[in-house]
Every structure is written in structure tokens, then in C-alpha cells.
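These notes concern the structure reproduced below.
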Amino acid sequence: MVEEKVLTVPLSKMAAELAEKHEMSKKAAGEVLADFVDLLVQHLKNGNKVSVTGIGIFQVKKRQARQGRDPLTG
């Protein structure tokens with residue numbers, strides 16, 4: 001089985017594409033995108049669920065700690 005390489009797209013590239021699509025400056029699009037991420041994080045920190053249609057539902061969950069394992073020493 002061959003694994004495909006997955007491309008990581010930074011927010012700056014997404015902002016540039018958003019700016020081009022909506023005929024606005026890259027700086028303005030970057031600020032809007034950064035504000036969106038800040039609002040998302042703020043609501044998650046307050047314990048809220050955030051639903052973004054087409055992407056999914058974001059929420060913070062408490063989980064039990066698990067025992068880690070050092071791959072070098074086992």
C-alpha cells in the first residue's frame with residue numbers, strides 16, 4: 001500500500017485565495033480569516049460547540065490521560 005503525500009495549506013494561502021475570489025486585498029482577507037479563527041478558539045475556550053457547515057462541529061472534550069511510550073526504548 002502506497003501512502004499519498006498530503007499537502008498542508010497555510011492560512012496565508014487560504015487568505016490569498018479568498019482575497020482573489022472576493023476581489024479584496026490579501027491583507028484584509030488575512031485579517032478576516034484570523035478573526036474567524038480567533039472567534040472559533042474563544043468560543044471553544046468558553047466551553048461552547050461551534051458548528052461550521054460543510055466542515056464539522058468543533059468542541060473541546062475532557063479525556064483521561066494515557067500512558068505514553070518512548071519509541072526508542074519501548
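The values are calculated or read from the model by the stated rules, or taken from the named source; none is laboratory data. Computed from a prediction, not measured in an experiment: that's the story for all the values here. Note that we place each Cβ from the backbone using ideal geometry, even for glycine, and neighbour counts take in every protein chain shown. The area values use the complete protein model at the heavy-atom level, side chains included, leaving out ligands, DNA and RNA. Shrake-Rupley method; radii C 1.70, N 1.55, O 1.52, S 1.80 Å.
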The answer for GluC sites (Glu not before Pro) in the stretch 3-34 that fall in a DSSP coil and have at most 15 neighbouring Cβ atoms within 10 Å is 3, 4, 23
Expressed in nanometres to one decimal, the distance between label points 7 Å along Cα→Cβ at residue 6 and residue 23 is 3.7
Under the Karplus relation with 6.51, -1.76 and 1.60 and θ = phi - 60°, whole-Hz ³J(HN,Hα) for the stretch 49-59, x at Gly and Pro, equal 8, 10, 9, 10, 4, x, 10, x, 10, 9, 7
Computed curve, the chain, Cα-only Debye sum without solvent term, log₁₀ I(q)/I(0) at 0.14, 0.15, 0.17, 0.23 Å⁻¹, is -0.75, -0.81, -0.90, -1.05
On the accessible surface of the chain, probed at 1.4 Å with all protein chains in place, carbon and sulfur together account for a percent value of 55
Result for the chain: accessible area per residue, probe 1.4 angstrom, in square angstrom, of 100
To the nearest 10 degrees, the tilt of helix 11-21 (Cα long axis) against the first principal axis of the alpha carbons of the chain is 30
If one builds a Gaussian network model of the chain from Cα atoms under 10 Å apart, the most fluctuating residue listed among 56, 30, 47 is 56
Close lysine pairs (the chain; alpha-carbon distance under 20 Å; 8 or more apart or on separate chains) counted at 8
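For 36, 58, give the ranking by accessible area with the largest first, probe 1.4 Å.
36, 58
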